[in-house]
1. Please give the contour-minus-distance gain from Met144 to Gln322: 0.36 nm per residue of separation, less the Cα-Cα distance, rounded to one decimal in nm.
2. Tell me, what ³J(HN,Hα) does each residue in region 310-319 have, in order and in whole Hz, if you take phi through Karplus 6.51 cos²θ - 1.76 cosθ + 1.60 with θ = phi - 60° and put x for Gly and Pro?
3. Could you pull out the chymotrypsin sites (Phe, Trp or Tyr not before Pro) across region 2-87 that fall in loop regions by DSSP (anything but H, G, I, E, B) with no more than 15 other Cβ atoms inside 10 Å?
4. Under 23 Å Cα to Cα from Lys51, which lysines show up? Leave out anything in the same chain fewer than 8 places away.
5. Only loop residues by DSSP count here, and only those with at most 11 other Cβ atoms within 10 Å; note down the chymotrypsin sites (Phe, Trp or Tyr not before Pro) in region 276-346 that meet that.
6. If I model a spin label at Met135 and His185 as a point 7 Å from the Cα along the Cα→Cβ vector, what separation in nanometres do I get?
7. R0 = 41 Å: FRET efficiency of Glu114 with Glu33, Cβ-based, nearest 0.05?
8. What Rg and what Dmax come out for the chain when only alpha-carbon atoms are used, in angstroms?
Amino acid sequence: MFEFNDSEKAEELAERAEALMEEVVIPKERELEGGTTVSAGTISELQAKAKEYGVYAPQIDEEYGGMGYDFNDCLPTFEQAGRSLLGPPAMRVDAPDEGNMHLLELHGTELQKEEYLRPLVEGEIHSGFSMTEPMQGAGSDPKMIQTTAEKDGDEWVINGHKWWTSNGIRADVLLVLARTDPDGHPYDSCTVFVVPAEADGVEIVRNVPHLGSEMTGTGHAEIKYDDVRVSEENVLGEVGEGFTHVQERLGPARLTHCMRFSGMAERALTITRSYLEEREAFGSKIADKQNARFEIARREAEVNAARSLVRHTADKIAAGEQARIGVSMSKVYAAQATQDAIDTALQYLGGNGIGKDLPVSDFYEAIRPFRIVDGADEVHLRTVAREAFDEHTDPDELDPITRFGE
Ligand SMILES: Cc1cc2nc3c(=O)[nH]c(=O)nc-3n(C[C@H](O)[C@H](O)[C@H](O)COP(=O)(O)OP(=O)(O)OC[C@H]3O[C@@H](n4cnc5c(N)ncnc54)[C@H](O)[C@@H]3O)c2cc1C
C-alpha cells in the first residue's frame, strides 16, 4: 500500500493487523465458499486470534475491554481489516456495532456501559441503530422522522416503524431515534433510546432482501415499535439531543466505513495485478498492455487520494475541530473511488471477477450500497455545495470587487 506518515504507534498496530489478515483471516476466507454466511463460532475463533495478535477492539477504551488507541492511530488498522469481509468482525471494528459502541462509550451511563458496551466489545451480543423509516418517514432527510416517544410517568412509550436497521435481525439491543417533543424543531426534539430487542412491542418484521454480501450475517431489518415501554434509564445521552448524538456517531462511522472500504479496494487491485502479471492474451501478458496498466494506475491514484482525504479529516476530528465538510467530501469521494476500483478489478479478472472463487465479486456487492448508506452521495454533495456556494454568494462576507464575480 501507499506509504503515509502515520504515527509509529499506528504503524505497529497495523503491522499486527496485517499479520492477522495474512496468517489467519485471509486463509479462513479462502476455506469458505464465496457468498456463504459464516457461523458465529468461526467469528468467535477469529476474534480469539485477534486478541492473541494484539489487535482486538483497538478503538475502545481499555476500561471496557478494548485497547484505548486514538482514532487516528486506529486508521491504518481499519484499512487492514477491510481487506477481507471477515476482517472487521474479527478485530471488532465492524459496522454497525463499531459506531454503536462509540456512542455508548461517549454517552452511556455506567449501567448502560456495564449491560451493553462490555458484552458488545466482547462480541457476546450485537446491536442495531434504528433511524431510517419507510416512505414519508426519516430517510435522506432525517427531519421527516415519524417515530415518537411519549413520557408516561417515569417511562417512555415508543411507537414507530423503522427499516434498514443493520444487524436488526440478530441484535440484542437497538439504539432507536424517536421524536420526544412534537412541537420543537426536529433537530432539537429527538432522543436516542437504548431498547432491549426482547422488549414487549418490538417486532422484527423481516430481513429486507437486498443487494450485498451476507457473509457476516448482519442483515438489514424492518422493525415495528408498538407501545414499547422503556424507563428513563434507557435514554442515551440527553433528552432532545438525539440529532447531536446521531452526528457524533455518524461522523466518525462514515470515516471508518471509508477506511475499511479503501482496504477492500486495495486488495481487489492487488489480486488483479497478480492475475494480469500471469495471464496472457494475444501474445503478451495482459499486465503489459497499456490500457490495463493505465486503468489500474488511475484507480490506485484515486484510492490513495481517498485515503489522504480521510486522514486529513480524521486529523480534524482528533483535534476536536469542525469536520462536517471533510466528512462529507471523504464519504462521497471514497465511496466513488472504491466502487470504481473494485469495478475495474472485477473487469480485469475476466470470468474470475464474477466467480466466487476470489472475493472480488463479494466486494463488488458490498461496495455498491456504500454510495447510499450513511447518507446518499447527493446528500453529502448538498452539504459540500451549500458551503461552497454560501462562501461565494453571501454578499456581506465577500469583498465588493469579487461579490459579483468581476
Ligand atoms: C445496506 C444498508 C444498510 C443500512 N443501514 C442502516 C442502519 O443501520 N440504520 C439506519 O437507520 N439506516 C440504515 N440504512 C438506511 C440508509 O441510511 C438510507 O437508505 C439512506 O440514508 C437513504 O435514505 P432512503 O433510503 O430513505 O432514500 P430517500 O431519502 O428516499 O432518497 C432516495 C434517493 O434520492 C436522492 N436524493 C436524496 N436527497 C437528495 C437531494 N437533496 N438532492 C438530490 N437527490 C437527492 C439520493 O440519490 C437518494 O439515494 C441502510 C441502508 C442500506 C441500503
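1. Value of the extension gain: 61.6 nm.
2. Per residue, the Karplus-derived 3J(HN,Hα) values read 5, 4, 4, 6, 4, 4, 5, 4, 4, 7 Hz.
3. Values: sites: Phe2, Phe4, Tyr53, Tyr56, Tyr64, Tyr69, Phe71, Phe78; in loops: Phe2, Phe4, Tyr56, Tyr69.
Passing sites in region 2-87 are Phe2, Phe4.
4. Within the straight-line limit of under 23 Å, Lys51 reaches these lysines: Lys9, Lys28, Lys113.
5. Values: sites: Phe282, Phe294, Tyr333; in loops: Phe282.
Filter output for region 276-346: Phe282.
6. Taking the two extended label points, one gets 3.0 nm.
7. Working: r = 40 Å, r/R0 = 0.96.
With R0 = 41 Å, the Cβ-Cβ based efficiency is 0.55.
8. Answer for the chain, Rg first and Dmax second: 22.1, 80 Å.
Values in this text are rule-based calculations from the coordinates and carry no lab data. Not measured: the values here are computed from a predicted model. Don't worry about glycine lacking a Cβ; one is built from the backbone with ideal geometry, like all the others, and counts go over all protein chains shown.
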